[in-house]
Amino acid sequence: MEFNESRQWMADQFEAGPTSKEAQPFFSFTYDGKPSAELLQTWALERASRQLDEQRTEHTLTYTEPKSGLVLRCVGVEYLDFSTVEWTLHFKNTSDRNTPILADIQAIDFGFVRPAHGEFTLNYNLGDFRAALSYQPLTELMVPNYTKQVAPFGGKSTNGQFPYWNVARPGGGVIIALGWPGQWSAKFDRDNDTTLRVRAGQELTHFTLYPGEEVRSPLVVLQFYQGESTRAQNIWRRWMLAHNSPRPFGRPPEPMSIFCAGGFFPGLKVSEASEKLFIDVLTKEGVQPDYWWMDAGWYPCTDWIRVGTWEPDPERFPNGLKAISDYVHERKMKLIVWFEPERSEPTHWLTVNHPEWLYQARKGDVVVNLGNPEALNWIINHFDGLITTQGIDVYRQDSNKNPLDSWRAEDSTDRQGIAEIKHVCGYLALWDELQRRHPGLMIDSCAGGGRRNDLETLRRALPLLRSDYQTTTDEPEYMPGNQAQTYGLSSWIPFYGAGVYYSSVRLVENVRSSLSPSFGLVADVRKDDIDWDLWRKLMGQWRQVAGCMLGDYYPLTPHSISLENWIAWQFNRPEQGDGMIQAFRRDDNPSETMQAKLQGLEPEAVYSITNLDDDSVMDIAGRELTNDGLNIVIKDKPGSALIYYRKKS
């Protein structure tokens, strides 16, 4: 079984250790121009293990270079309830002088071997780039002597590319993922025999370490599996929820409805009066959300993009944001507030008062250096104060400027990669400290949409807006893209969010195209053309099925944004015995029906199938639903179906 494979891999690499010429190291670097495969054989090695909890054991390899005092720690974690292992490299200069150049650090450098027959298949997704094809799933056959290399854009970890891969081989495979909210690079090299070599890490490392200085590599996670890829992805989803997703107050994340009024005001500039007006209308109509979302623009500014003065605008919020949080809390809601600490406009407080906290590369708005200890401490303390005094429940952090050019310009030729490492560590330290000071604080990860959602980010935050691919007007062409984003992203990230602006044009299909565990339907409630009965029905349907979206995920059609195709998927919760199906018949598809073969059901059980459009109910055996399929009928073109099912006792 896959548990045997992960156990053996951990034993080979951490308990035996890559200490001989015959052993294959699983990471690499060069030091003073020499490859680590040679050097590590001459460095002193110590091994240690300790039990973290019932599900995890930590294994540490500590190498000491005998001349320069460089110490390398490889800290690994073995998961005992999943076939999963992970590790991070830490390099420290323990001497009183600068080290020789440490370069080309590959957090993983390992050759995976397939059986004599068959071939490797690389399954992966695009990242977010505010487009219909964000999160598009792709597959490449890794034929002999073929190389695939990928990297994100601009220093954001999921900007255009996605650091999650499923390497399938006959009989099983391995999922590989990186945790690095910066500029990573990954290379998949197929030799002419039976090996696929995987190398991945920070894209550029070439630096000396100063006395006492310590740096880290990206986090690497491997999850071994047997069988087919869909099964592997559901094991991954379960691991994400069990061990990687934040658990405020020790509980797993739950579905949440949200509302944000900012889009109905120029520059997103809401006020105390406007926020209370919107809340009152929603409360009166019985569609009060779980979370009230205050997006950008609450600080002094001419437009939301003008940031760097982090205080409530005294004109629009004379009583601070506390007036809003009190109003929200009285109505049993929680408050989300937007921040962007990594950017400052030229005329705003941070830029004017602390130019030394900014990177040297300055064009227009500038990037705040989170690797600067003084800047980081100020941001932590100031934002901590705002969270406390203003009554904020969810800290939402955005990033609307790519930082890579600033990082690269900051580094000298013998320090390439250092600015990025320090910034990444500061970014993570900011969140860790805010959560330490505010136990249970939820963090929302945003970076111009979903452009920084690597594993390290998602250990601390939930992505409540998966992409900025949305429209404030009734543009139906966005619907296939949002359907496709749900299809692609759900294989990797169980909990994410999306939202829809109210429109009288195809509202049902529009809402269903973006249904997510965190979901918002928003409208300008000052207008009198809102169908509140339909609103209540749609949000009621979301509440009925939202929990299912945290279960196992099964695509029921190929991925497509074509108007000629259907697209459909299933979420199944075997422990609860229920699930949901979504299907969309697009504009140019001639067929009213599709046969959806469901997965994950008990063959001998009987399932009650409810069509949420007309509340019709059918009882069908699990074996029939799996073998013959469920006949889904959508007469409208375009149209959608939302189906809930539950196992009968």
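The values are calculated or read from the model by the stated rules, or taken from the named source; none is laboratory data. The structure displayed is predicted, hence computed values, not measured ones. Cβ placement follows ideal geometry from the backbone for every residue including glycine, while neighbour counts extend to all protein chains displayed. These area figures cover heavy atoms from the full protein model, side chains too; ligands, DNA and RNA do not enter into them. Shrake-Rupley method; radii C 1.70, N 1.55, O 1.52, S 1.80 Å.
Here are the numbers for this structure:
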read-out	value
Qualifying residue in segment 300-316 (condition: touching a Ser or Thr at 6+ places or on another chain (Cβ under 6 Å), more than 24 Å from ILE379 (Cα to Cα) and outside any strand (DSSP E or B))	no
Residue within segment 388-403 that is without any contact (Cβ under 8 Å) to a residue 60 or more places away in the chain and within 21 Å of TRP293 (Cβ to Cβ) present	yes
Whichever residue in segment 620-649 is in a loop (DSSP other than H, G, I, E, B) and not acidic (Asp, Glu) and, among such residues, is nearest to GLN483 (Cα to Cα)	PRO638
Single residue of segment 256-275 satisfying the filter (farther than 30 Å from GLN544 by Cβ and of a type in the set (A, V, I, L, M, F, W, C)) that is nearest to the chain's Cα centre (by Cα)	LEU268
Search result, residues across segment 404-462 that are of a type in the set (Lys, Arg), open to solvent by 30 Å² or more (accessible area, probe 1.4 Å) and not in a helix (DSSP H, G or I)	ARG451, ARG459, ARG460
Residue in segment 573-595 that is open to solvent by 10 Å² or more (accessible area, probe 1.4 Å), among the aliphatic types (A, V, I, L, M) and not in a loop (DSSP other than H, G, I, E, B) present	yes
Some residue of segment 193-209 being open to solvent by 10 Å² or more (accessible area, probe 1.4 Å), in contact with a strand residue (DSSP E or B) (Cβ under 8 Å, 6 or more places away or on another chain) and closer than 30 Å to ILE279 by Cβ	no
Flag for ASP290 being surrounded by fewer than 18 Cβ atoms within 10 Å (Cβ to Cβ), closer than 23 Å to LEU465 by Cβ and within 25 Å of the chain's Cα centre (by Cα)	yes
Selected residue (criterion: surrounded by the most Cβ atoms within 10 Å (Cβ to Cβ)) from residues of segment 380-393 that are farther than 23 Å from PRO346 by Cα and in contact with a helix residue (DSSP H, G or I) (Cβ under 9 Å, 6 or more places away or on another chain)	ILE392
Among residues of segment 359-379, those that are at pLDDT 95 or above and either open to solvent by 10 Å² or more (accessible area, probe 1.4 Å) or more than 27 Å from MET442 (Cα to Cα) (or both), counted	8
First in segment 146-167 and more than 18 Å from TYR427 (Cα to Cα), second anywhere and open to solvent by 10 Å² or more (accessible area, probe 1.4 Å) and outside any strand (DSSP E or B), Cβ under 6 Å, 6 or more apart	ALA151/GLU203; GLY160/PHE129; GLY160/PHE153; ASN166/SER229
Flag if ILE305 is among the aliphatic types (A, V, I, L, M), within 31 Å of the chain's Cα centre (by Cα) and open to solvent by 20 Å² or more (accessible area, probe 1.4 Å)	yes
Identity of the residue in segment 239-286, free of Cβ contacts under 8 Å to residues at least 40 places away in the same chain and in contact with a Phe, Trp or Tyr (Cβ under 7 Å, 6 or more places away or on another chain), that ends up most open to solvent (accessible area, probe 1.4 Å)	LEU268
Yes/no for THR473 being among the β-branched types (Val, Ile, Thr), outside any strand (DSSP E or B) and closer than 24 Å to SER445 by Cβ	no
Tally, over segment 113-131, of residues that are crowded, with 19+ Cβ neighbours inside 10 Å and either small (Gly, Ala, Ser) or under 27 Å from the mean Cα position of the chain (by Cα) (or both)	8
Complete set of residues in segment 540-563 that are under 26 Å from SER229 (Cβ atoms), open to solvent by 50 Å² or more (accessible area, probe 1.4 Å) and not aliphatic (A, V, I, L, M)	PRO558
When residues of segment 596-612 are limited to those that are assigned to a strand (DSSP E or B) and in contact (Cβ under 8 Å) with a residue 40 or more places away in the chain, the one farthest from the chain's Cα centre (by Cα)	VAL606
Positions within segment 54-99 being basic (Lys, Arg), in contact with a strand residue (DSSP E or B) (Cβ under 6 Å, 6 or more places away or on another chain) and under 24 Å from LYS422 (Cβ atoms), in sequence order	ARG73, LYS92
So ILE620, is it of a type in the set (Val, Ile, Thr), without any contact (Cβ under 8 Å) to a residue 24 or more places away in the chain and surrounded by 17 or more Cβ atoms within 10 Å (Cβ to Cβ)	yes
In segment 151-168, the residues that are out of contact with any helix residue (DSSP H, G or I) (no Cβ under 7 Å at 6 or more places or on another chain), open to solvent by less than 20 Å² (accessible area, probe 1.4 Å) and assigned to a strand (DSSP E or B)	ASN159, PHE162, PRO163, TYR164, TRP165, VAL167
Hey, ASP295 open to solvent by 20 Å² or more (accessible area, probe 1.4 Å), among the acidic types (Asp, Glu), touching a helix residue (DSSP H, G or I) at 6+ places or on another chain (Cβ under 7 Å) and at pLDDT 95 or above or not	yes
